[in-house]
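> This structure is in structure tokens; I'll ask about it shortly.
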Amino acid sequence: MKSQKMKILAFSLFFALAATGCTLTAGTVPVNPSNAPNITKPGVTQPATKPTTTPVTTTAAGSGQTPGTKPSTTTAGTTTAGSTTTNPINPSDIKSGEAYDTATVRDWTRNASQAAYYPKQKLVFLTFDDGPSTKVTPLVLDVLKKNNVKATFFYYTHGDLSSRAGIVRRTADEGHAIAIHTASHNYKKLYPGRKANVEAILSDVRTATSNIQAVLGASWKPSVYRFPGGSFSWTGSTSARKAMTQAKQALGNMGLQYLDWNAMTGDADYNNRDKSPSGLVKYAVKTTKNAYGHVIVLLMHDADHLPNTPKALQGLIDYYREQGYEFGILK
Ligand SMILES: [Zn+2]
């Protein structure tokens, strides 16, 4: 078992090192098949089970795919995280423009060696929770716009977005992804006894969804979700783990894939860490370096009381660009 693990590691390392730096420009469709699957498959993902070495589809990505089509391979809405798939995957199911399939990204951030596919290029997903804030979100959007970088906003609607409707519209108009965080952010309601209450979570998601739809229209459909507090915070006992699994499945049945994070600025942490803009960048760099692999989901918050988050953003973007990361959003 140990040697198999070593093999997986060696293969992953090989593929990581073999990356030639070929990159997809956002929105373009690769025409050269050798460049098409900018997403590579280690080929030894499940040594104990049937071979999973089905070749990667190398036809031009996007051909025959209707934009916005739900990925049919990695998620299907019913699988919980971590599963790999034996089907050939059309890269356009994973990536369209700057948008990546959330369940796939989740696999990548969890353990690259077990993910069915792993991107050659370094990727970072800037994610903001708890907005929209009239004070902070516009500043965040300004920095993103100036840099032509897209991000994913997990909105906390708390009841009524009418006073913040302009910000929600601007977020969508400027090409960012809008995802569901919560309508209530009420841990006692969502996780009574520190255990997920599936009905409460689903009801909260429905409320947040209709709040956002009241602004963007009923044609806006959510597909990405982040558990308030992170899914891993509510798995302290066997029954809590079971409840969390049920919640993930129920969300999947609604067409929502959840995503936590593997790096953070620590902007909303309750501690004495340096929360100056440079302190936030520093902590993001530290957690990025500690993350497994080179797909980074960075947690930040665009909340009223966190004015340093937009101030840190330029430094963060500069850091990831210098390190060769591309910026992605979630779908
Ligand atoms: Zn939150």
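> How big, in percent, is the set of alpha carbon pairs in the range 174-222 lying more than 19 Å apart?
Details: 368 of 1176 pairs.
Counting pairs separated by more than 19 Å, the tail of P(r) holds 31 percent.
> Find which of THR309, TYR225, VAL124 sits farthest along the positive direction of the dipole of the range 124-330, computed with +1 on the beta-carbon of Lys and Arg, -1 on that of Asp and Glu, about the Cα centre.
After comparing all options, I get TYR225.
> Can you tell which of ALA284, ALA243, PHE154 lies farthest toward the positive end of the dipole of the range 124-330, using +1 and -1 charges on the Cβ of basic and acidic side chains (Lys, Arg; Asp, Glu)?
ALA243
> Report the calculated FRET efficiency for LYS146 and SER276 (r = Cβ-Cβ distance, R0 = 22 Å), to the nearest 0.05.
Efficiency computed from Cβ-Cβ geometry: 0.55.
> Distance from a point 7 Å along Cα→Cβ of SER203 to each backbone N in the range 155-194: keep the residues under 19 Å and list them by number.
157-160, 181-194
> Right, next: Using θ = phi - 60° and the Karplus form 6.51 cos²θ - 1.76 cosθ + 1.60, what ³J(HN,Hα) does each residue of the range 234-241 get, whole Hz, x for Gly and Pro?
Working through the residues one at a time gives 10, 9, x, 9, 4, 5, 5, 5 Hz.
> Report, by chain and number, residues whose modeled amide H sits under 5 Å from the one on MET264, excluding near sequence neighbours (fewer than 5 apart, same chain).
THR287, THR288, LEU299
> May I pose another question? List the pair-distance distribution P(r) of the range 124-330, using every Cα-Cα distance, as the percent of pairs falling in each 5 Å bin from 0 up to the bin containing the longest distance, rounded to whole percents.
1, 8, 16, 20, 20, 17, 12, 6, 1, 0
> Kirkwood hydrodynamic radius for the range 221-282: how many Å is it when counted over pairs of different Cα atoms?
Here the Kirkwood hydrodynamic radius works out to 13.7 Å.
> So what is the orientation-averaged projected area of the range 205-250, using the convex hull of its C-alpha atoms, in nm²? Write out the running numbers ahead of the final one.
On the way: hull surface 14.6 nm².
Result: 3.7 nm².
> If each residue of separation counts as 0.36 nm, what is the full-extension length gain between ASP304 and LEU216 once their alpha-carbon separation is subtracted?
29.4 nm
Every number in this text was worked out from the coordinates using simple rules, so none of it is lab data. The structure displayed is predicted, hence computed values, not measured ones. No Cβ is skipped: glycine too gets one built from the backbone with ideal geometry, and neighbour counts run over all protein chains shown.
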